[in-house]
Each structure stands twice: as structure tokens, then as C-alpha cells.
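The values are calculated or read from the model by the stated rules, or taken from the named source; none is laboratory data. Quick caveat, the model's predicted, so the values are computed rather than measured. Positions of Cβ are backbone-derived with ideal geometry, glycine not excepted, and every protein chain shown enters the neighbour counts.
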Amino acid sequence: MKSSWPVAVAAAMATALWAMPAGAQGTKVVIGISGWTGFAPLTLAKEAGIYAKNGLDVTIKKIPQSSRHLAIASGDIQCAATTVETWIAWNANGVATTQIFQLDKSYGADGMVVRNDVKSIKDVKGKTVAASAPGTAPYFALAWFLKKNGLGVKDVKVVNMEAGPAAQAFIAGQNDAAMTYEPYLSAVRENPQAGKIIATTLDYPMVMDTFGCTPKFIAENDAAVKALTKSYFEALVMIKSDEKKSFEIMGADVKQTGEKFAGSAKYLRWQDQAANKTFFASEFATFTKEAADLLLEIGVIKKVPDLSKLADTRFLQ
């Protein structure tokens with residue numbers, strides 16, 4: 001009985017190695033993300049052993065969106081998750097990156113919170129709004145929401161705060177409004193005496209996240225990039241097949257119970273392989289063009305980069 005154990009383990013290891021994508025065995029990759037609910041399947045893929053099964057040695061680092069591009073530029077990370085328009089800003093400012101698959105779309109998971117006496121977004125004019133720094137998703141969402149209501153970022157006083165602290169400060173009575181996202185947006189939902197959510201991405205669909213890497217990493221690690229893509233889609237399959245366990249794992253990473261995490265997750269849609277193909281075939285180009293124009297208008301970029309080189313969809317096949 002004892003002597004058979006090493007043989008069984010060896011056989012299992014051999015099977016696992018056989019299943020790994022050719023050339024991906026043991027490839028090290030460091031990924032930069034935030035605590036945003038939409039990125040959670042990337043964490044699930046690590047914690048559930050999906051990356052390892054597919055031959056990857058993945059390290060995930062929590063890095064604020066405002067400095068994630070610096071980590072890429074320094075070589076501290078090779079890949080990252082962020083919003084579509086952020087990749088435009090990074091490339092326009094000299095940080096070469098390429099999107100390879102879509103992660104999620106926000107369906108009410110990003111929004112603007114205001115005091116209860118504010119009747120419309122137009123009433124935010126002249127008020128203090130907490131939002132992350134220029135070049136981040138909350139700042140871009142603020143600009144987008146304002147523009148759709150005939151205003152601009154110059155019409156409000158922006159106080160730079162990350163999404164979590166912005167929500168906490170708002171609940172504590174600081175600032176007139178704030179831009180935040182799940183799971184922090186739900187904290188405002190649970191404290192109606194502090195204020196209300198006046199608009200979300202249900203009203204203004206514009207937050208969609210993608211995963212990308214440096215062109216150098218993609219060029220030198222073809223099999224690993226395929227494995228990263230495959231791992232994400234396998235994580236989505238796991239969520240469907242064992243939602244309770246998946247939500248517990250993903251929730252634990254942001255100090256939430258599985259039940260609380262489920263509450264945040266209902267405001268977004270993770271995008272499977274079929275949804276990815278549809279997105280990159282149509283909506284991606286249209287949104288990227290409009291986003292680039294707004295980034296130029298608000299001064300986040302000085303020149304629009306080559307939009308045709310921002311994505312590489314070969315790995316979705």
C-alpha cells in the first residue's frame with residue numbers, strides 16, 4: 001500500500017504535465033489588479049489551481065490603477081487587468097501594452113454617489129467630487145457622466161481618492177459626491193442616510209475591463225498567453241458549475257463572505273469566449289474611438305495612439 005503512493009503521485013504528475021499547453025510549463029508571470037469584483041475570476045484561477053494546471057506560475061499583485069502602468073514600465077509585472085480606455089492612456093503615454101481578452105462589463109457596478117438633496121448630475125456643478133486620479137476608470141467615468149449631461153471635469157472640484165477610500169469618506173460625510181465601484185458601491189447602498197446612487201453604468205454603459213500584457217511578454221511567451229486566456233475561461237466555467245465555492249474564494253480575497261460577494265457580482269457580467277469574440281468584432285473599435293476622443297479632450301492624453309494595435313485577439317480561438 002505504501003509503495004504504491006509514489007507511483008500514483010508520479011502518474012498524476014505526468015498526467016498534469018501532459019495536459020499543460022506545450023511550452024507553458026512553469027512560465028512565471030506577475031499580474032497587476034485591484035480589488036474590483038470584475039477581476040475576481042483571475043484570483044479564482046490562481047486559488048483553485050487553474051493556472052498551475054495549465055503550466056503557469058502566477059503571482060497576483062494588488063496595485064492601484066493610478067500606478068499600475070508604472071509597475072508594467074518597470075518590469076515588476078508583465079500583465080494587468082484594467083478598463084479599455086486605460087490601455088489607450090497607457091499606450092499614449094509610452095507604456096506599450098496589448099489587450100488579449102475581455103474580462104467583464106459593468107451593469108451597475110460603477111457609479112456616482114451624491115448627497116440626498118442632489119436631484120440630478122447637472123446639480124453636481126461646483127461641488128466636490130472624490131475620484132481616482134486622471135488616467136483611472138473612476139476619473140474617466142466621472143468625465144463620461146458629466147459630458148453626457150453637458151458638463152466637464154472643470155465644472156467640479158475633483159479630490160483624488162481611490163474607489164474604496166472615496167466610498168468610505170462619502171459615508172463618513174466627506175465630499176459632496178464620489179465615483180466608486182463594487183464592492184465599495186454596495187457600502188453606499190447599505191447606508192442610505194449618507195446619500196444615494198444617482199447614476200451607474202446601467203444609465204451610462206461605458207465600463208468594460210480587459211486583460212493584457214506587454215508586447216514583449218506576448219512575443220516571447222505565446223503558449224503562456226494562450227494558457228492565461230484558457231485559464232480565465234476555465235475560471236468562468238468553475239463559477240457556473242460551483243458558484244458557492246467560487247464566490248467564497250473570490251469574496252475572501254476582498255474580505256467579503258461568499259454571500260456578500262454574490263451581491264456585488266450581480267452588477268456585472270463576466271465575458272466568456274463567445275462574448276469576447278462578439279465584443280472584439282464590433283463594440284471594441286467603436287468604444288475605443290469615442291473613449292480616445294474624450295481622453296484627449298480632458299487632457300489625459302496628448303495624442304491618440306494607433307488604436308488598431310491595442311488588441312491581439314489570436315488567443316481567443
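Quick notes on this one:
- Residues of the stretch 156-186 satisfying the condition of being of a type in the set (Val, Ile, Thr) and over 20 Å from SER106 (Cβ atoms): VAL156, VAL158, VAL159, ILE171
- From the options ALA130, ALA143, residue that is aliphatic (A, V, I, L, M), in a strand (DSSP E or B) and modelled with pLDDT of 95 or more: ALA130
- Test for VAL237: is it within 19 Å of HIS69 (Cα to Cα), hydrophobic (A, V, I, L, M, F, W, C), outside the structural domain of ALA143 (by TED's automatic domain parsing) and surrounded by fewer than 19 Cβ atoms within 10 Å (Cβ to Cβ): no
So that you can scan it fast, the table gives a plain yes or no per residue for (1) buried (at least 24 other Cβ atoms within 10 Å of the Cβ); (2) hydrophobic (A, V, I, L, M, F, W, C); (3) in the same structural domain as TRP36 (by TED's automatic domain parsing):
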site	(1), (2), (3)
ALA130	yes, yes, no
ALA133	no, yes, no
ALA141	yes, yes, no
LYS148	no, no, no
ASN160	no, no, no
ALA163	yes, yes, no
GLN174	no, no, no
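- Counted residues, the stretch 54-73 - those being of a type in the set (S, T, N, Q) and modelled with pLDDT of 95 or more: 2
- Residue in the stretch 300-307 that is in contact with a Gly (Cβ under 7 Å, 6 or more places away or on another chain) and hydrophobic (A, V, I, L, M, F, W, C) present: yes
- Each residue in the stretch 164-213 was checked for being touching a strand residue (DSSP E or B) at 6+ places or on another chain (Cβ under 6 Å) and in contact (Cβ under 8 Å) with a residue 40 or more places away in the chain, and 23 pass.
- Near pairs, Cβ below 6 angstrom, 6+ apart or cross-chain, from the stretch 214-236 (within 20 Å of TRP90 (Cα to Cα) and modelled with pLDDT of 95 or more) to any residue that is small (Gly, Ala, Ser) and surrounded by fewer than 24 Cβ atoms within 10 Å (Cβ to Cβ): PRO215/ALA96
- Residue within the stretch 213-227 that is buried (at least 19 other Cβ atoms within 10 Å of the Cβ) and in a strand (DSSP E or B) present: yes
- Yes/no for MET250 being within 15 Å of the chain's Cα centre (by Cα) and either basic (Lys, Arg) or not assigned by TED's automatic domain parsing to the domain that holds PRO138 (or both): yes
- All positions within the stretch 185-207 that are under 23 Å from the mean Cα position of the chain (by Cα) and outside any loop (DSSP other than H, G, I, E, B): LEU185, SER186, ALA187, VAL188, ARG189, ILE197, ILE198, ALA199, THR200
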